[in-house]
Amino acid sequence: MLKGGVIMDVTSATQAKIAETAGAVAVMALERVPADIRKQGGVARMADPEKIKEIMAAVSIPVMAKARIGHFVEAQILEALGVDYVDESEVLTPADPSLHIDKWKFKVPFVCGCTNLGEALRRISEGAAMMRTKGEAGTGNIIEAVRHIRTVNNEITALKSMNPKQLLSKAKEYRVNVNLVNEIRKLGRFPVVNFAAGGVATPADAALCMQLGVDGVFVGSGIFKSSDPAKRAKAIVDAVAHFRDAAFLAKVSVGLGEAMEGLEISKLDTRLQERGW
Amino acid sequence: MIGVLALQGGVIEHVRMLERCGKKAIEVRAKDDLKKVNALILPGGESTTLFKLMKRQGLDTEIKKRAKKGMPVFGTCAGMIVLAKEIIDNREQGLGLIDISVKRNDYGRQVDSFEEEIDVRDIGKVNAVFIRAPIVKSCGKDVEVLARQNKNPILLKQNNILVASFHPELTDDKRVHELFLKMNSII
């Protein structure tokens, strides 16, 4: 049960332990954090199974790992390793130009990214058990996460005032079954948990996402690219647990050292959020 | 008023279930919130995270104190681990409010999560959802076993404490919550 928790990107057993000590509900095992993928370029793939095994052995909280979009064999390998969740992630270089993984074929649950409601519903139709709004990974800039959370919220609200004919046409536009659209309309939210991701660098960023209505937060580069990872990780966990308490947020935001270096979205060469179909 | 510990985990599901039972529920995040409630639910979540967040608020000692004075407490999944006397192979120390020894994630990792119909004493058939569930390895003589799955106790009671290794808040069935409410005459 991950709700109300923080999931942290880690690249080693040592980092995984720091995340667990801070109170993370899960860790995401990967070879390079998004900020480094962005800086170094090249093809980003599933992490070395050896590394994933090391991380799984180091902590007792759930371990997630990323597979490339459409790379169902990487997902099969991750499932065989026994990871708790597979993240079919745009942070890695996509492997299929038009299709995502058919997630119903797996027993391991999947988390997938979305920038809007249509993208989320396609992923849920394919069998995703958890969603995350994408944001723009590796930038330390929260604007895209906020954009995607608000877009999804607004699009769900819009469904409420639609008649059956309009809902059918939305389903066509979203390329999903109308039953799923009707279900979302009735629930007023996704039928699965939805976390925020991409660009979270401070406790305030994390609490902002929570106040906008997500179920929890992924922090990628924000922790281990800051000057004091252990302290910042704990502060972000505390901020998510007490996200409405401004006095508390003020207290945990003190003395965290330098946050990760941030990037302006308009200056980026690659926008990872655009990967996914 | 019934509180649901709201530091992490399936909080809203318990709040809704209590509302369906006709009870008002509040979220408990700090010691001041705990003063307002006369019963408490510890939800499922990550037990490691729950322990850390409770300690940071001093809620662990406060909950222990209140429960020892008779406050009814119901722990589900990770909430059960938190209440246990012994947690096998773990660095965290349970609150020791129920005389059971538990092993975390003993049904396996996330892929081994499952749903199964179980038989609950005085209630009958209940659909139980297990997610990375803990297993009760042994329990003291003062603990009553109300349900089992594959011989393992999964719903247990000791005086004012009720624990479930599954997630009764994730189904439409409110009978396990009603059992908690009745058990302590909160209804």
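The values are calculated or read from the model by the stated rules, or taken from the named source; none is laboratory data. The model shown is predicted, which means the values in this text are computed figures rather than measured ones. All Cβ positions, even for glycine, are placed from backbone atoms using ideal geometry, and neighbour counts span all protein chains on display.
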Practice item. Consider B:Ser113 carefully, then state whether it is at negative phi, in contact (Cβ under 8 Å) with a residue 12 or more places away in the chain, of a type in the set (S, T, N, Q) and away from chain A (no Cβ under 14 Å). Key: no
Point to revise | Counted residues, region A:1-39 - those being assigned to a strand (DSSP E or B) and away from chain B (no Cβ under 14 Å) | key: 2
Check your understanding: Of all residues in region B:105-126, which are modelled with pLDDT under 75, in a loop (DSSP other than H, G, I, E, B) and not basic (Lys, Arg)?
Key -> B:Tyr107, B:Gly108
**Study point:** Condition check for B:Ala84: over 23 Å from A:Lys3 (Cα atoms) and either within 14 Å of the chain's Cα centre (by Cα) or in contact (Cβ under 8 Å) with a residue 40 or more places away in the chain (or both)
**Key:** no
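Residues A:Glu74, A:Glu50: which one is touching a strand residue (DSSP E or B) at 6+ places or on another chain (Cβ under 6 Å) and more than 10 Å from every other protein chain (Cβ to nearest Cβ)?
Selected residue: A:Glu74, the only one of A:Glu74, A:Glu50 that is touching a strand residue (DSSP E or B) at 6+ places or on another chain (Cβ under 6 Å) and more than 10 Å from every other protein chain (Cβ to nearest Cβ).
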Review point. With respect to the numbered conditions (1) assigned to a loop (DSSP other than H, G, I, E, B); (2) in contact with a strand residue (DSSP E or B) (Cβ under 8 Å, 6 or more places away or on another chain); (3) more than 13 Å from every other protein chain (Cβ to nearest Cβ), which one is the sole condition not fulfilled by A:Gly42?
Key: (2)
Check your understanding: If you scan region A:241-275, which residues turn out to be within 14 Å of another protein chain (Cβ to nearest Cβ) and either at positive phi or not in a helix (DSSP H, G or I) (or both)?
Key -> A:His242, A:Phe243, A:Arg244, A:Asp245
Practice item. Consider B:Val15 carefully, then state whether it is within 14 Å of chain A (Cβ to nearest Cβ) and free of Cβ contacts under 8 Å to residues at least 60 places away in the same chain. Key: yes
Point to revise | Residues satisfying the stated conditions in region A:204-223, i.e. surrounded by fewer than 24 Cβ atoms within 10 Å (Cβ to Cβ) and of a type in the set (A, V, I, L, M, F, W, C) | key: A:Ala204, A:Leu208, A:Met210, A:Leu212
Review point. Which one of the conditions (1) over 25 Å from A:Arg147 (Cβ atoms); (2) of a type outside the set (Lys, Arg); (3) touching a residue at least 12 places away in the same chain (Cβ under 8 Å); (4) within 14 Å of another protein chain (Cβ to nearest Cβ) does A:Met64 fail to meet, given that it meets all the rest?
Key: (1)
Review point. Is it the case that some residue within region B:33-43 is polar (S, T, N, Q) and either out of contact with any strand residue (DSSP E or B) (no Cβ under 9 Å at 6 or more places or on another chain) or without any contact (Cβ under 8 Å) to a residue 24 or more places away in the chain (or both)?
Key: no
Review point. Do we have A:Val200 as within 14 Å of another protein chain (Cβ to nearest Cβ) and either modelled with pLDDT under 95 or not in a helix (DSSP H, G or I) (or both) here?
Key: no
Revision key, fill the gap. Matching residues in region A:19-47 (within 13 Å of A:Lys225 (Cβ to Cβ) and touching a helix residue (DSSP H, G or I) at 6+ places or on another chain (Cβ under 6 Å)) number 3
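So that you can scan it fast, the table gives a plain yes or no per residue for (1) facing chain A (nearest Cβ under 9 Å); (2) buried (at least 23 other Cβ atoms within 10 Å of the Cβ); (3) under 25 Å from B:Lys141 (Cβ atoms); (4) acidic (Asp, Glu):
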{"position": "B:Asp33", "(1), (2), (3), (4)": "no, no, no, yes"}
{"position": "B:Lys36", "(1), (2), (3), (4)": "no, no, no, no"}
{"position": "B:Thr49", "(1), (2), (3), (4)": "yes, yes, no, no"}
{"position": "B:Gly70", "(1), (2), (3), (4)": "no, no, yes, no"}
{"position": "B:Asn90", "(1), (2), (3), (4)": "yes, no, yes, no"}
{"position": "B:Lys103", "(1), (2), (3), (4)": "no, no, yes, no"}
Revision key, fill the gap. Every listed condition ((1) farther than 20 Å from B:Asn38 by Cα; (2) of a type outside the set (S, T, N, Q); (3) more than 13 Å from the chain's Cα centre (by Cα)) holds for B:Glu178 save (1)
